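A short write-up of the structure that comes next.
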Amino acid sequence: MGSSFAAGPGLMPRTAGAPRPSGRSDSNYAHIVAGRLGLALTDVTYSGATTGDILGGSAAHPAQIDAITADTRLVTVTAGGNDIGYLPALTFASLPWPLRSLATVRRRVGGFTDSSSIDQRFSALRESLGEIVREVCKRAPDAQVVLVDYLSILPEATNPDRGLHRLASRGDGDLVQWGRNVATRLSATFASVAADTGCTFLDVGARSQGHDAWSSDPWTRRFHLSLRGGAPYHPNAAGMAAVADMLVDLVA
């Protein structure tokens, strides 16, 4: 279950029969793990999904939680970035200048990065992630639930700029630092929910340090105006394979 970071938009081949907007790829980490462990996979990831979509669905797609049955044995969840505005903010702020300067785009970035509401958004995310885990356990008591963290996108603050100046400032602060802070808080939120609910946390963020989008061996993509090879600020094929390796080591 999860959003585009789990679905793998732009990574070929696309999953046959999946709704095109879902962005599901046969090369995402769930497909790789299922193939290696001989598991029957139900992939309900959907690009743009929030944790609310996992629990309640929307007019565009059903609730992902409804895919859980009593026979389910392993559930992976990568979601929450859209609840906070993490990837949307980075993406909108990286658009070419004529688009980035539009009032609607500037308002979107400002809304995502509004410091006055960030604590509230993280609090709501923590509650909804906990609800997801509890609901999975209710429907599939024998299932192992793994909260799979986000791969590193931005390099650590101690590293050289490496072209990060191309990310627009949000006016009242550094968007790059905002992104680093959000990534850290997402990891901490996943870990906290896992501790509270008894599920498993896979600390992908920490394990992927040094493989950010600006590194010599990136597991995520920098901004670009296509989905080819992975969506901007999303996992590339190497990143999905790396997450799959970590997950296999964890559950095998």
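Membrane-span-like helices in the chain, defined purely by DSSP H runs whose alpha carbon atoms cover 18 Å or more axially and whose average Kyte-Doolittle hydropathy reaches 1.0, are 237-251.
Amide H contacts for GLN144 (H built 1.01 Å from N in the peptide plane; partners 5 or more residues away or on another chain; cut-off under 5 Å): LEU74, VAL75. Distances longer than 26 Å among the Cα atoms of the chain: what percent of all pairs is that? I get 36 percent for the Cα pairs in the chain exceeding 26 Å. The stretch between SER115 and ASP217 holds 33.5 nm of extra length on full extension. This uses 0.36 nm per residue minus the Cα-Cα distance. Applying the Karplus parametrisation 6.51 cos²θ - 1.76 cosθ + 1.60 with θ = phi - 60° to the phi angles of the range 44-54, what ³J(HN,Hα) value in whole Hz is obtained for each residue in order, glycine and proline being reported as x? Coupling constants for the range 44-54: 10, 4, 8, 4, x, 5, 9, 5, x, 5, 5 Hz. Per-residue extension of 0.36 nm, minus the Cα-Cα distance of ARG139 and THR184, leaves a gain of 13.1 nm for this segment.
Extending 7 Å from the Cα toward the beta-carbon at both ARG20 and SER123 defines two label points whose distance is 4.2 nm.
Estimated from helical segments only, the mean residue ellipticity of the chain at 222 nm is -12500 deg cm²/dmol, where each DSSP H run of four or more residues counts as -39500 (n - 2.57).
For the chain, a simple Cβ point-charge model (Lys and Arg +1, Asp and Glu -1, everything else neutral) yields a dipole of about 820 debye relative to the Cα centre.
A short reminder: the numbers here are calculations on the coordinates, not readings from a lab. Because the structure is predicted, anything quoted here is derived from the model rather than measured. As a convention, Cβ positions derive from the backbone with ideal geometry for all residues, glycine included, and neighbour counts pool all protein chains shown.
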